[in-house]
Amino acid sequence: MKMETEVNVISLNCWGIAGVSKHRVQRMQAIATELATGKYDFAFLQEVWTTEDYERIKSKTEEALPYSHYFFSGVIGAGICIFSRSPITAAFFHQWAVNGYVHKIQHGDWFGGKGIGMAQVLHNGLQYNLYTTHLHAEYDRVNDEYLAHRVTQAFDTAQFITLTSQDADVVIVGGDLNTEPGDLTYRVIVHTAELRDTYFERPKLSDSVNSY
């Protein structure tokens, strides 16, 4: 039996690097204010690198999105979290084996202990598997020394989604993939995990409306 349901979701890289990101506290406060409007059922956030910022957002969204999970990992944390309108029944974090180089301190990805976070949510009678992730940054698109890292992360991510979502009614993946549609990293995730890109499947916008 085919069943239709509608949810409003937001995914955002918050650029919350303590001591580096400009106007970090003000940005986090503005993000929390937006999430507190009640527009969204689920929020996937990346680069929330401090628990202070996570708690700042959590305290302001406790009415609109009362359930949340922050994924701890690595030296400075994974930087990712999920907020939900409905109860989170389980959560798990899978850390990638390949994630940058320890000696590339200026890039910092290795210290983040990146991976993919999963939260299972019971929402409107359906089981949702929510996944959020943040793949290794692309510092130079022409001479990309981390392409193999992202492709490996993408395949690992796709396998994890496939193996953990068998009993889910709905699967939603939101994150900063550091890739573009058509790139190998993107294609590995979408095709291996058999996902559908909601951006490309959205109703066609009129020519007078900006699509980005």
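The values are calculated or read from the model by the stated rules, or taken from the named source; none is laboratory data. Predicted model, so just to flag it, every value in this text is computed and none were measured. Methodologically, a virtual Cβ is constructed for each residue, glycine included, from the backbone with ideal geometry; neighbour enumeration extends over all protein chains shown. We work out accessible area using only protein heavy atoms, side chains counted, and drop any ligands, DNA or RNA first. Shrake-Rupley method; radii C 1.70, N 1.55, O 1.52, S 1.80 Å.
Are any of the residues in region 49-69 acidic (D, E) and closer than 18 Å to Y131 by Cβ?
No: region 49-69 contains no residue that is acidic (D, E) and closer than 18 Å to Y131 by Cβ.
Which one of A78, A32 is open to solvent by less than 30 Å² (accessible area, probe 1.4 Å), part of a loop (DSSP other than H, G, I, E, B) and in contact (Cβ under 8 Å) with a residue 12 or more places away in the chain?
A78
State the number of residues belonging to region 114-144 that are out of contact with any strand residue (DSSP E or B) (no Cβ under 9 Å at 6 or more places or on another chain), at negative phi and not hydrophobic (A, V, I, L, M, F, W, C).
7
Do you know which residues across region 167-183 are open to solvent by 50 Å² or more (accessible area, probe 1.4 Å), farther than 13 Å from M118 by Cβ and either in contact with a Ser or Thr (Cβ under 6 Å, 6 or more places away or on another chain) or modelled with pLDDT of 95 or more (or both)?
Residue satisfying the conditions is D169 alone.
Do the conditions hold for E55, that is, is it closer than 20 Å to G117 by Cα, of a type in the set (D, E, K, R) and either in a strand (DSSP E or B) or in contact with a helix residue (DSSP H, G or I) (Cβ under 6 Å, 6 or more places away or on another chain) (or both)?
When the stated conditions are applied, E55 does not pass them.
So which of L45, L65 is modelled with pLDDT of 95 or more, open to solvent by less than 30 Å² (accessible area, probe 1.4 Å) and assigned to a loop (DSSP other than H, G, I, E, B)?
That would be L65, the only listed residue that is modelled with pLDDT of 95 or more, open to solvent by less than 30 Å² (accessible area, probe 1.4 Å) and assigned to a loop (DSSP other than H, G, I, E, B).
I'd like to verify a number: residues in region 81-91 that are part of a loop (DSSP other than H, G, I, E, B) and touching a residue at least 40 places away in the same chain (Cβ under 8 Å), how many?
2
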